[in-house]
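The values are calculated or read from the model by the stated rules, or taken from the named source; none is laboratory data. No experiment lies behind these values; they were computed from the predicted model shown. Using ideal geometry, Cβ is built from the backbone for each residue, glycine included, and neighbour counts are taken over all protein chains shown. Side chains included, ligands, DNA and RNA excluded: accessible areas come from the protein's heavy atoms. Shrake-Rupley method; radii C 1.70, N 1.55, O 1.52, S 1.80 Å.
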Amino acid sequence: MKLTKKIETEIHKLYQAFWNSYLGGDVKTMSSFLDDDFKLIGTTEGEVFHNKKAVMKYLKATISQIAGVMTRRNAELKLRLVGESVLIEDFFDAYVDLEGQPTFYGKVRVTSVLKRVRGQWRFIHQHGSLPDSKADVGETLAADKIREQNLELREAV
């Protein structure tokens with residue numbers, strides 16, 4: 001398979017519809033994009049799921065925390081073919097509505113893998129992460145800032 005303009009257009013359209021359904025709280029539509037064996041590793045400790053059924057149960061219980069509350073801005077997508085699958089790298093700014101005002105929350109990275117299942121593109125895997133906002137460019141951990149904050153906390157106590 002080759003990543004043609006037609007396939008890229010299909011993927012972009014599907015991906016936008018996926019995010020629109022998620023941010024709009026349309027759980028039923030979002031579910032239609034996921035393969036039954038969909039795997040998710042989210043941004044919080046408890047967001048590790050090994051199938052669509054588990055993801056949808058969690059999503060139904062937590063969608064009110066996202067729908068109408070979070071917006072996605074400045075998205076940068078990169079598509080790459082990996083075998084018969086398409087890998088999407090998505091970097092965006094997340095905004096959360098606090099007291100009626102969209103407030104910048106942070107940078108988010110989402111990697112999604114899609115493949116054709118019975119002629120339709122379906123999400124088979126997704127992983128999200130939030131970069132450490134304290135770490136500077138070239139740092140994996142913000143060790144100096146962590147030490148500094150720990151000292152400040154000790155002094156405050």
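Could you list, in sequence order, all residues of the range 1-56 that are aliphatic (A, V, I, L, M), closer than 16 Å to Q126 by Cβ and open to solvent by 40 Å² or more (accessible area, probe 1.4 Å)?
Within the range 1-56, I41, V48 meet the criteria.
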Six or more apart or on different chains, Cβ under 6 Å: which pairs go from a residue in the range 120-132 that's more than 16 Å from R109 (Cα to Cα) to one that's open to solvent by 40 Å² or more (accessible area, probe 1.4 Å) and outside any loop (DSSP other than H, G, I, E, B)? Could you list them?
-> I124/K115
With the first residue restricted to the range 71-92 and required to be closer than 20 Å to L130 by Cβ and part of a strand (DSSP E or B), and the second required to be among the basic types (K, R) and open to solvent by less than 70 Å² (accessible area, probe 1.4 Å), Cβ contacts under 6 Å at 6 or more apart or on different chains are F92/R72
Looking for whichever is modelled with pLDDT of 95 or more and either surrounded by fewer than 10 Cβ atoms within 10 Å (Cβ to Cβ) or closer than 17 Å to Y22 by Cβ (or both) here; the options are I66, I88. Which one fits?
-> I88
If we keep only residues of the range 110-157 that are at pLDDT 70 or above and small (G, A, S), then the residue most open to solvent (accessible area, probe 1.4 Å) is A156
